[in-house]
Amino acid sequence: MKTVKSYEHVIRTTFPFDHLTDEQFDRLISKSKRQTYRKNQFLFYEEDEETDVFFLLKGLAKNVLHRDDGQQISVRYYYPGDLIGLMILLSEGQLNFSVQALEDCETVLLPKKTLLQLMRDNKSFSNIVLTDIGERMKSLYDEIKHERQTGGEAVTPLFRSRVRDVMSKPTTVPALASVTEAAKVLVHSDAESLVVIGNNGTVAGVLTDKQVIECFLTGRGGEAVKDWMMTGGGEIEDRAFIYEALAYFRESRTDCLPVINEGDLVGIFTAKSFLHVRESKYLYLSGDLYKATTRKKLAALSPKALPDFLEFTELLLRERTYPREVSEFISNYNDQIHRQALFIAQKEMQAEGYGKPPLSYCFIVMGSQGRLEQAFSSDQDNGLILEDYAHLTDRREIEEYFHLFAAKVNEILAESGFPECSGGIMARERKWCRGYSEWKAEVFRWMKEADAEDVRNFTIFIDFRPIAGDYQLAQRLREAVTEPLQYSRILQAMLMKDTLRFRVPLQPLGRVKLKGKLKELDLKKHALMQIVNAVRIYAIRYGITEVNTTARLKALKEAGVFHPRDAANAETAVDMLMSFRFNEHIRQIRQGNPLSNRLYYSNRTAEEKKQLKEALTIAKRLQQMTELSFQKNRGVT
């Protein structure tokens, strides 16, 4: 049964009208008028005479600017709860933009004259409205500026990374040493090039394995290094950008460069160093994972226990790699650890006489790992989708096999730095290890009769992603539940209610309100998850099958559900918040402290507080936009 609310109540409880006194609000409503517009109708046109301000109760609308060349551009979308035509309050005469309904819209016309009077009478209300108008004018300016700019080539890591970030530790040899002695140094150091040091202690040249081989082929290993080394190849400062090193490799025959700092040798830069821009250490770490065939070896490669992993993550952030891409890199690495845990567990099962898996299965990860959005603090959220087996006579043995198999996997992952889920969302639990048809039935049950715990479980589950086994099982399940979920208004409403348990701690006029003496801000609970949850609810409603938040935003933008600027703002906020989260985690790991998503807001610089407020503002808008958009499912009269 729907809960019916009057439109007066909806407006009264919506920011900024909750700042009006009862008398002021009654005065506004008494002058208001309800108006309906069908899809594609215009609420008003450019060059119309003055109009009133619209409060959007239901539907979706967009504003339209007409350029001189005849092209139309849309600067923003309007969602339920938005005020349409707010800038009209500061203008007179003809309008300079149009507003069109993208869906059937229910609006309330609020007289301009009355609103202006209320702004004169209520300073708080006036400040909020004027701030909103200022933000819209800035957004309009930025959009027009963006439209006029010509596109340029994307900046690559070569143009923002420095030689010192990717250079290797130098291995040296005296210029008067024999080539045979130099060959021994190469063998024992596992280096491919040696920096030759002259009598005065400065760099004299470079000796590579190629010159050593040529020397030995002629039987002259006893000759001095200075007679075989390469000279004239140049040196490069450690502060130089990587692209500058390209010139040396292009203009000379050298494939290595000594790196100096104020004349002192500090490193060596080789052709292989270019791999360090993004992939080198990651490739080495990935290779080590494939060799990790025991629990002990795998545990040693845990991201939190591996200095190289931490350093490479810092390098990516210094390169100004999008934090969401860094998160995807971490998630992909964790996927590999999970796959290797499955391999080790299956090998143990066979060694203990249980044999190979009796039927097809798909191992899925959920939550942040499913979305490819992990940081350094992440517990396990995983499950198993089994091929249907209820009709088989040995179904009990099958269940026992996979229960034991999954328990081993969860145990190995815990040993490798992934704590067990406190909520029990792990493959070893019966409710997270099911046959395909059972999973399908469980999702349908959630749609009809989910309680609070079920909703939280569903929120984690629906971001599932296959990483091992028969991927078709996961794909079939996704296809089977996507459309029914799209029309499950009850479950969507409960998802909305669940996410509103945590409000973005931002008050009117941009004040951040935090509880407790320490004034801690939980980056995940109070900000990141509000964006993730809002985008997820929209994705479910519009049948989007992507699970990554950025991919969902792109799909919603392409479907016309989100305005491009709203999608871009959400991505920007995610990047800001993830950047703070990564830096906090790295600091905590360096100091040996437990990982936490909380940071001390009061200790932040003015610039950091500004960035956090911007991200929180976007998160709050998404939360309010989602809440009001889904209110219409409960009915408004």
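The values are calculated or read from the model by the stated rules, or taken from the named source; none is laboratory data. In this text, all values refer to a predicted model and were calculated from it rather than measured experimentally. Neighbour counts are summed over all protein chains in view; Cβ atoms, including those assigned to glycine, are modelled from backbone coordinates with ideal geometry. Protein only, heavy atoms only, side chains kept; ligands, DNA and RNA dropped before computing areas. Shrake-Rupley method; radii C 1.70, N 1.55, O 1.52, S 1.80 Å.
Here are the numbers for this structure:
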| quantity | calculated |
| --- | --- |
| Under-5 Å amide H pairs with ASP463, H placed in peptide plane, nonlocal only | GLY367 |
| Gain in span if fully extended, ALA351 to GLU400, counting 0.36 nm per residue against the direct Cα distance | 16.0 nm |
| Simple Cβ-charge dipole of the range 400-557, Lys/Arg +1 and Asp/Glu -1, about Cα centre, in debye nearest 20 | 980 |
| Dipole moment magnitude, nearest 20 debye, the range 497-634 about Cα centre, only Lys, Arg, Asp, Glu C-beta charged | 580 |
| The range 497-634, accessible surface, carbon-and-sulfur percent (1.4 angstrom probe) | 49 |
| Accessible area of the range 291-484 divided out per residue, in Å², using a probe of 1.4 angstrom | 41 |
| TYR290/ASP104 FRET efficiency (R0 41 Å; Cβ-Cβ; nearest 0.05) | 0.15 |
| Which listed pairs, of LYS112/LYS609; LYS525/LYS609; LYS347/LYS524; LYS58/LYS620, have C-alpha distances above 29 Å, in listed order | LYS112/LYS609; LYS347/LYS524 |
| Label-point gap, in nm, between SER302 and PHE42 - each point 7 angstrom along Cα→Cβ | 6.4 |
| Shape call, the range 410-480: gyration tensor on alpha carbons, a/c limit 1.5 | oblate |
| Accessible carbon and sulfur surface of the range 291-484 relative to its total accessible area, %, 1.4 Å | 50 |
| Extended-chain gain in nm, criterion 0.36 nm per residue less alpha-carbon gap, VAL64 and THR51 | 3.1 nm |
| Sequence-separation-based contact order of the range 288-402, relative, with Cα cut under 8 Å and 6+ spacing, percent | 25 |
| Local electrostatic count, ASP227, Cβ distance below 14 Å [Lys/Arg +1, Asp/Glu -1] | -1 |
| Sorted peptide list for 335-345, 415-425, criterion being average Cβ within 10 angstrom, highest first | 335-345, 415-425 |
| Heavy-atom accessible area per residue - the range 497-634, 1.4 Å, Å² | 45 |
| Global form of the range 291-484, assessed from the alpha-carbon gyration tensor, a/c cut-off 1.5 | oblate |
| Per-peptide average of other Cβ atoms within 10 Å, ordering 309-316, 531-538, 210-217 highest first | 531-538, 309-316, 210-217 |
| Rounded if a/c under 1.5, otherwise prolate or oblate - the range 497-634, Cα gyration tensor axes | prolate |
| Packing rank of 347-354, 570-577, where each peptide gets the mean count of other beta carbons within 10 Å, highest leading | 570-577, 347-354 |
| Modelled FRET efficiency - R0 56 Å, HIS391 with ARG12, Cβ distances, 0.05 increments | 0.45 |
| Relative contact order [Cα under 8 Å, 6+ residues apart], the range 497-634, whole percent | 35 |
| The range 291-484, relative contact order [Cα under 8 Å, separation at least 6], % | 28 |
